[in-house]
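Trainee: My questions will all concern the structure given below.
The values are calculated or read from the model by the stated rules, or taken from the named source; none is laboratory data. Just so you know, these numbers come straight off a predicted model, no measurement behind them. So basically every Cβ, Gly included, is an ideal-geometry build from the backbone, and we count neighbours across all protein chains shown. Just the protein is used for accessible areas: all its heavy atoms, side chains included, with ligands, DNA and RNA removed. Shrake-Rupley method; radii C 1.70, N 1.55, O 1.52, S 1.80 Å.
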Amino acid sequence: MCGIVGYIGNNDSKEILLKGLERLEYRGYDSAGVALLDEEGVHVFKEKGRIATLRKIVDKNTHAPVGIGHTRWATHGVPNRVNAHPHQSASGRFTLVHNGVIENYEQLKREYLPAHSFTSDTDTEVIVQLVEKFVNEGKSVEEAFRTALRALKGSYAIALLDNENKDVIYVAKNKSPLLVGVADDCNVVASDAMAMLQVTDQFVELMDQEMVIVTKEDITIKDLKGNLIQRRPFTAEIDASDIEKGTYPHYMLKEIDEQPFVIRRIIQEYQDENGNLKLDDSIREAMKDTDRIYIVACGTSYHAGLVGKQFIEKLSNIPVEVHIASEFVYNMPLLSQKPLFIFISQSGETADSRAVLVAVKKLGYRALTLTNVPGSTLSREADYTLPLYAGPEIAVASTKAYTAQMAVLAILAVDTARAKGISLDFDPIQELSIAANAMEVLCDSKEEMEKIAGEFLIHRNAFFLGRGLDFYVCLEGALKLKEISYIQAEGFAGGELKHGPIALIETDTPVIALATQAALNLNIRGNVKEVVARGANPCIISMKGLEHEGDRFVIPAVHELLTPLVSVVPLQLISYYAALHRGCDVDKPRNLAKSVTVE
Ligand code: F6R
């Protein structure tokens with residue numbers, strides 16, 4: 001997690017860095033800082049809290065053509081001013097920002113700096129002290145930086161300033177994302193292209209264990225032995241308007257509303273002019289060739305994977321297992337003869353998922369990544385990628401990426417079925433279009449959703465009940481509600497309640513139940529009766545054609561397999577309004593970050 005930026009050029013770096021950091025706040029937002037380097041030397045400003053707080057303390061009169069910045073999600077040391085980045089070497093000569101985790105920082109302290117007294121509790125500080133130590137021992141700054149990097153174990157995206165050389169930013173990357181942006185009169189550094197789009201759309205991607213010497217005219221990429229590496233920039237294809245809120249009060253609401261358009265875009269991108277699905281032959285072959293698929297993901301993406309399992313098993317007849325990445329990596333199940341791994345990740349940078357990818361690639365297995373960020377680590381390191389086409393998702397709580405993941409999984413399942421000669425009794429493109437239209441109807445029902453949130457989500461807890469596909473959507477609905485409103489929310493399989501959780505039901509306990517599965521309609525209603533008999537306050541959201549009297553909301557009818565794309569929208573909206581009513585910071589919930597780049 002954490003985000004870093006850097007600027008070196010002719011202009012005042014201050015505003016460029018602060019704006020860049022604001023765009024990286026999705027990566028962490030518990031403390032932030034900048035270091036500005038001008039003729040007088042380096043000026044460090046850092047504080048606990050958001051970029052808005054940092055803005056207030058940055059000296060308006062400092063005009064520096066070089067600077068670096070950081071927004072933090074604490075891993076080592078509580079979020080406070082001392083632990084905030086940038087960190088400085090003992091003499092103050094070197095100043096550094098870091099995203100990642102240095103796993104061997106304690107060992108490095110013992111081995112190289114036993115007498116040094118560290119000012120922060122971070123793993124980061126050891127890097128800057130090491131650079132200074134190696135320089136004091138007679139190495140050039142570049143060689144000292146490289147020597148320090150070679151000693152590090154773990155993940156890092158680093159930017160380093162040297163007070164005695166105001167013409168350079170030293171940069172390095174391993175596992176954590178980092179790009180160097182190139183422009184006519186300056187060069188920049190950022191964890192994500194979005195942060196520096198205001199300056200350039202030309203970026204050079206860095207690979208693991210590479211360093212870069214960035215001056216205002218040039219960038220020089222080297223490996224950790226000092227060998228030169230040539231790499232051309234690519235054009236970041238992000239529409240600047242995609243990353244603005246426009247007239248919306250929150251990114252989350254904007255992103256919920258964008259979902260119908262995302263589904264339509266996916267239909268367009270995955271279809272050729274003759275209406276045939278357009279997937280790489282290599283992906284098709286890999287799907288046809290496997291005897292078992294292992295879907296690996298975290299959080300919301302894991303929930304999309306659960307739905308994806310149903311699509312693939314039901315349509316293309318391939319057994320699928322779905323695993324939480326952080327568990328899988330330490331407890332790999334017995335694998336089949338010809339496994340295919342599917343990684344689902346909005347950001348493409350999630351460290352837990354990447355750890356599994358690295359492990360299965362080492363074993364020689366094939367991997368496909370579904371991601372919203374082509375070019376991200378999980379996309380680069382897998383054999384195949386399917387883009388989600390959801391556009392940048394800024395709100396920490398994932399919404400449009402989740403529905404996009406399910407839509408792409410549906411397309412993959414249909415394509416595989418066709419490739420295997422399995423005939424389907426429905427037109428998937430038409431059904432996806434119907435689902436997109438239904439999502440639009442739901443996005444237009446905000447007033448009703450706000451009312452439901454006001455009626456039901458006013459307690460410390462809430463339960464979500466569903467069966468079949470509805471159960472997976474309930475898991476996602478509960479995650480959405482808890483992460484942004486801090487209401488204790490759990491999703492349960494309807495039939496499982498009586499095996500324990502029903503003990504939690506008290507008078508007025510809110511129970512949101514989904515009823516979109518024809519074969520399970522009576523069963524879920526029976527489960528609702530069980531909780532009502534114990535005092536619960538039920539809110540049934542059903543699908544047209546399956547509704548009963550007293551249902552609180554009826555969603556438009558869509559193909560039964562695609563109901564998760566649609567039934568999640570009311571759950572996203574009621575979570576949004578519940579969070580709003582409780583005065584929570586919807587887009588940046590406490591303790592979270594969007595891109596979880598630590599294991
Ligand atoms: C919840 C949420 C997270 C992510 C999870 C995986 O709203 O966004 O649960 O889904 O951290 O992230 P990605 O998909 O980037 O791998």
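Trainee: Can you pull out the residues in the stretch 217-237 that are open to solvent by 50 Å² or more (accessible area, probe 1.4 Å) and either assigned to a helix (DSSP H, G or I) or not charged (D, E, K, R) (or both)?
Mentor: 227, 228, 230, 233, 234, 235
Trainee: Here's a follow-up. Test residue 405 against the stated conditions and say whether it is of a type outside the set (D, E, K, R) and either under 23 Å from residue 326 (Cβ atoms) or within 16 Å of the ligand (Cβ to nearest atom) (or both).
Mentor: yes
Every residue, every condition in (1) of a type in the set (Phe, Trp, Tyr); (2) farther than 18 Å from residue 262 by Cα; (3) in the same structural domain as residue 355 (by TED's automatic domain parsing); (4) out of contact with any strand residue (DSSP E or B) (no Cβ under 7 Å at 6 or more places or on another chain), yes or no:
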position: 386; (1), (2), (3), (4): no, no, yes, no
position: 392; (1), (2), (3), (4): no, no, yes, yes
position: 397; (1), (2), (3), (4): no, no, yes, yes
position: 401; (1), (2), (3), (4): no, no, yes, yes
position: 414; (1), (2), (3), (4): no, yes, yes, no
position: 420; (1), (2), (3), (4): no, yes, yes, yes
position: 423; (1), (2), (3), (4): no, yes, yes, yes
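Trainee: Restricting attention to the stretch 138-194, which residues are touching a strand residue (DSSP E or B) at 6+ places or on another chain (Cβ under 8 Å), among the polar types (S, T, N, Q) and open to solvent by less than 30 Å² (accessible area, probe 1.4 Å)?
Mentor: Selection gives 155, 174, 176, 187, 191.
Trainee: Then there is this: Go through the stretch 92-119 and give me each residue that's free of Cβ contacts under 8 Å to residues at least 60 places away in the same chain and either assigned to a helix (DSSP H, G or I) or within 28 Å of the chain's Cα centre (by Cα) (or both).
Mentor: Across the stretch 92-119, the qualifying residues are 102, 103, 104, 105, 106, 107, 108, 109, 110, 111, 112.
Trainee: Can you confirm whether the stretch 103-120 contains a residue that is closer than 30 Å to residue 372 by Cβ and either surrounded by 16 or more Cβ atoms within 10 Å (Cβ to Cβ) or in the same structural domain as residue 49 (by TED's automatic domain parsing) (or both)? Steps first, please.
Mentor: Step one: of the stretch 103-120, the residues closer than 30 Å to residue 372 by Cβ are 103.
If we keep only those that are either surrounded by 16 or more Cβ atoms within 10 Å (Cβ to Cβ) or in the same structural domain as residue 49 (by TED's automatic domain parsing) (or both) as well, we get 103.
Yes, there is a match, as at least one residue in the stretch 103-120 is closer than 30 Å to residue 372 by Cβ and either surrounded by 16 or more Cβ atoms within 10 Å (Cβ to Cβ) or in the same structural domain as residue 49 (by TED's automatic domain parsing) (or both).
Trainee: Please state which of the following conditions residue 283 fails to meet, knowing it meets all the rest: (1) of a type outside the set (S, T, N, Q); (2) over 22 Å from the mean Cα position of the chain (by Cα); (3) open to solvent by less than 10 Å² (accessible area, probe 1.4 Å); (4) within 30 Å of residue 200 (Cβ to Cβ).
Mentor: Here residue 283 meets the rest and fails (4).
Trainee: Looking at (1) over 20 Å from residue 460 (Cα atoms); (2) assigned to a helix (DSSP H, G or I); (3) open to solvent by less than 20 Å² (accessible area, probe 1.4 Å); (4) of a type outside the set (Ser, Thr, Tyr), find the lone condition where residue 558 falls short.
Mentor: Status for residue 558: all satisfied but (2).
Trainee: Give the residue that is nearest to the ligand (Cβ to nearest atom), with candidates limited to residues of the stretch 342-397 that are farther than 16 Å from residue 297 by Cβ and part of a helix (DSSP H, G or I).
Mentor: Checked the stretch 342-397; the qualifying residue nearest to the ligand (Cβ to nearest atom) is 380.
Trainee: Let me ask you something else. Taking the options 440, 431, 448, name whichever one is closer than 27 Å to residue 526 by Cβ, of a type outside the set (Gly, Ala, Ser), out of contact with any Asp or Glu (no Cβ under 8 Å at 6 or more places or on another chain) and open to solvent by 10 Å² or more (accessible area, probe 1.4 Å).
Mentor: Testing whether each residue is closer than 27 Å to residue 526 by Cβ, of a type outside the set (Gly, Ala, Ser), out of contact with any Asp or Glu (no Cβ under 8 Å at 6 or more places or on another chain) and open to solvent by 10 Å² or more (accessible area, probe 1.4 Å) leaves just 448.
Trainee: List pairs: first residue in the stretch 490-510 and at negative phi, second residue at pLDDT 95 or above and part of a strand (DSSP E or B) anywhere in the structure, Cβ distance under 6 angstrom, at least six positions apart or on different chains.
Mentor: Short answer, once both residue conditions are applied: 490/463; 491/464; 492/465; 494/465; 501/492; 510/462; 510/537.
Trainee: Hey, another quick one. Has the stretch 437-448 got at least one residue that is more than 30 Å from residue 583 (Cα to Cα) and of a type in the set (Ser, Thr, Tyr)?
Mentor: no
Trainee: Given the criterion in a helix (DSSP H, G or I) and open to solvent by less than 10 Å² (accessible area, probe 1.4 Å), identify the matching residue among 36, 54.
Mentor: None of the others qualify; the one that does is 54.
Trainee: Give the residues of the stretch 290-311 that are surrounded by fewer than 24 Cβ atoms within 10 Å (Cβ to Cβ) and touching a Leu at 6+ places or on another chain (Cβ under 8 Å), sorted by residue number.
Mentor: 290, 292, 299, 300, 306, 310
Trainee: Have a look at 11, 61 and point out the one that is open to solvent by 40 Å² or more (accessible area, probe 1.4 Å) and touching a residue at least 40 places away in the same chain (Cβ under 8 Å).
Mentor: Working: 61 fails: touching a residue at least 40 places away in the same chain (Cβ under 8 Å).
Of 11, 61, the one residue that is open to solvent by 40 Å² or more (accessible area, probe 1.4 Å) and touching a residue at least 40 places away in the same chain (Cβ under 8 Å) is 11.
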